[in-house]
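Undergrad: Here it is, the structure, as structure tokens.
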């Protein structure tokens, strides 16, 4: 520690004035994100802070989901973080994605597994990757679309998660193409039926997703 | 103890304008001037709320002024009095003049200009009290030196530990609090949004259902109205049909009845018949009447002839003998009566003729009238007259017939 020799007492120790603020932000981010590997994540965080990139922090504290069947470590919150980080460009480089994946302390094998579903070379279209991620989150295609809407929407949380219909169609077609069970005709007919209910080209959650209510609710 | 009371008879206060006399020559006693308090300047008159309570700072107090003037006057008067009382040297005799002379041994120069010498003196300005000098007692101690190496006096880690503790602890605490707060707020917001969303959806559903219900109602209403209209129309039609049938039946025998009544009232007439009725028969009646008239006239003429003849014969018989009038009286009477009857005939002829005419006109088909006494009676005699030209037989018959009328005379 480079200290001047004439330091006699504790009062002479100088604390840089930005330090408390930085510390506070960092602590808050850490509390919110709850990374499994703090150091890894902190490195990623400060790097992003240094470069001025969007920070790998979740907006809301996410309680660990009990309904996650496979321990992929991927949650909607994490997907959202990734989306926040990567969505400014339509294409994401593979290395970049991998680094970001690591920052979030997610197992890399999962990334490869995900990418195997639809192989890419070194650039991935971000929307497609997001759709893939959503499909691993939920069980059915509908649930995947629900997550997709929730991540992409600009509406406040809890409100009608609306996204442009074209985006929705794109993602839906892509996923249904990968999923061999659903035929293309069905996809098209479903989309056509949805189109009638769409207002100003924005499709909301309520239009296609009916949440299952518990029987005890009134 | 009784309260203090003071009473005095009211008396007018004298006006004390002058305390001292202006000159000795003035008499000692002067009539005391009593001032009217109404005109006393010391008495405040008018409203007291708008009075100047104080004096303006620049202007001198008039009372003060007055006092000063008075004081001046007093001083002046006093001075003058003193002057007058002072013993003076008597006035010089005529032709002489008083001169001031020095009588001392040594004459001194009396110059107008007074010798003046200026002398000054000044005290020193006040100086501040100097500060108390530090009490430094005499040194009674020994000097000792020692060497300090780096890191001996001051250990950074140790010193920084409390600081760090505070820093880190506070930071964590604060950030935790903040995160919790933000989280809570965000949760609230999210739940609010979700609730609103649900509400919107439900509202939409409710509206849809309402709309559906309204449409159903409208549809029902419309169908009901349609049905009612149909029924109404049917009713009307059936009523119309019934009315038509009834009218037809009712009016079925209208035509025959109309025709029959018209026929009864004579609107349908056979023109030939009518013509006969209107033209032929009246003419016939007229002709008959005429004939009857002719016959009547003829008979009347005949009667007249007979009468004349009888009268002539009577006259001749009367001339011959004016005896047994009984038979001839009878005969006279008879002719008189005959005359009367003829007169009656004559007078009644027009009426009978008229009556007969009327009869012929109106009731030719009916049975002849029954209430005409004289016409029947006359008819009989007319008939009788018509039948037989025998005069006597006629006269007797007429007698017989006229018996009931002329029975009383007989």
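Residue by residue, here is whether (1) surrounded by 14 or more Cβ atoms within 10 Å (Cβ to Cβ); (2) out of contact with any helix residue (DSSP H, G or I) (no Cβ under 7 Å at 6 or more places or on another chain); (3) at pLDDT below 80 holds:
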{"position": "A:31", "(1), (2), (3)": "yes, no, no"}
{"position": "A:40", "(1), (2), (3)": "yes, no, no"}
{"position": "A:72", "(1), (2), (3)": "yes, no, yes"}
{"position": "A:90", "(1), (2), (3)": "no, no, yes"}
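Undergrad: Output the number of residues of the stretch A:137-157 satisfying the condition of being within 14 Å of residue A:77 (Cβ to Cβ) and surrounded by fewer than 19 Cβ atoms within 10 Å (Cβ to Cβ).
TA: Total meeting the criteria: 1.
Undergrad: Further question on the same structure: Restricting to the stretch A:12-24, give me the number of residues that are facing chain B (nearest Cβ under 9 Å) and either surrounded by fewer than 17 Cβ atoms within 10 Å (Cβ to Cβ) or in a loop (DSSP other than H, G, I, E, B) (or both).
TA: 6
Undergrad: Related question: Determine if the stretch B:237-249 includes at least one residue that is more than 10 Å from every other protein chain (Cβ to nearest Cβ), over 60 Å from the mean Cα position of the chain (by Cα) and part of a helix (DSSP H, G or I).
TA: Initial filter on the stretch B:237-249 (more than 10 Å from every other protein chain (Cβ to nearest Cβ)): B:237-249.
Among the residues that remain, those that are also over 60 Å from the mean Cα position of the chain (by Cα) are: B:248-249.
Imposing the further condition that a residue be part of a helix (DSSP H, G or I) reduces the set to B:248-249.
Scanning the stretch B:237-249, I find at least one residue that is more than 10 Å from every other protein chain (Cβ to nearest Cβ), over 60 Å from the mean Cα position of the chain (by Cα) and part of a helix (DSSP H, G or I), so the answer is yes.
Undergrad: Can you name the number of the only condition in (1) more than 14 Å from chain B (Cβ to nearest Cβ); (2) under 13 Å from residue A:83 (Cβ atoms); (3) at pLDDT below 80 that residue A:132 fails?
TA: (3)
Undergrad: Output the residues belonging to the stretch B:58-90 that are assigned to a loop (DSSP other than H, G, I, E, B) and under 21 Å from residue B:42 (Cβ atoms).
TA: B:59, B:60, B:61
Undergrad: Of the residues B:158, B:149, B:164, which is within 14 Å of chain A (Cβ to nearest Cβ), exposed (fewer than 10 other Cβ atoms within 10 Å of the Cβ) and not in a loop (DSSP other than H, G, I, E, B)?
TA: That would be B:158, the only listed residue that is within 14 Å of chain A (Cβ to nearest Cβ), exposed (fewer than 10 other Cβ atoms within 10 Å of the Cβ) and not in a loop (DSSP other than H, G, I, E, B).
Undergrad: Right, next: Which numbered condition trips up residue A:160, out of (1) in a helix (DSSP H, G or I); (2) crowded, with 20+ Cβ neighbours inside 10 Å?
TA: (1)
Undergrad: Just the residues that are under 20 Å from residue B:184 (Cβ atoms) and part of a helix (DSSP H, G or I), please, taken from the stretch A:30-65.
TA: Scanning the stretch A:30-65 gives A:30, A:31, A:32, A:33.
Undergrad: Let me confirm something: among A:176, A:206, which residue is assigned to a helix (DSSP H, G or I) and modelled with pLDDT under 70?
TA: Exactly one of A:176, A:206 is assigned to a helix (DSSP H, G or I) and modelled with pLDDT under 70, namely A:206.
Yes/no matrix, rows are residues, columns are (1) closer than 23 Å to residue A:56 by Cβ; (2) touching a helix residue (DSSP H, G or I) at 6+ places or on another chain (Cβ under 7 Å); (3) in contact (Cβ under 8 Å) with a residue 12 or more places away in the chain:
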residue: A:121; (1), (2), (3): no, no, yes
residue: A:135; (1), (2), (3): yes, yes, yes
residue: A:152; (1), (2), (3): yes, yes, yes
residue: A:156; (1), (2), (3): yes, yes, no
residue: A:166; (1), (2), (3): no, no, yes
residue: A:173; (1), (2), (3): no, yes, yes
residue: A:177; (1), (2), (3): no, no, no
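The values are calculated or read from the model by the stated rules, or taken from the named source; none is laboratory data. Only a predicted model underlies this, so the values are computations on that prediction, with no experimental measurement involved. Please note: Cβ atoms are built from the backbone with ideal geometry, for glycine as well, and neighbour counts cover all protein chains shown.
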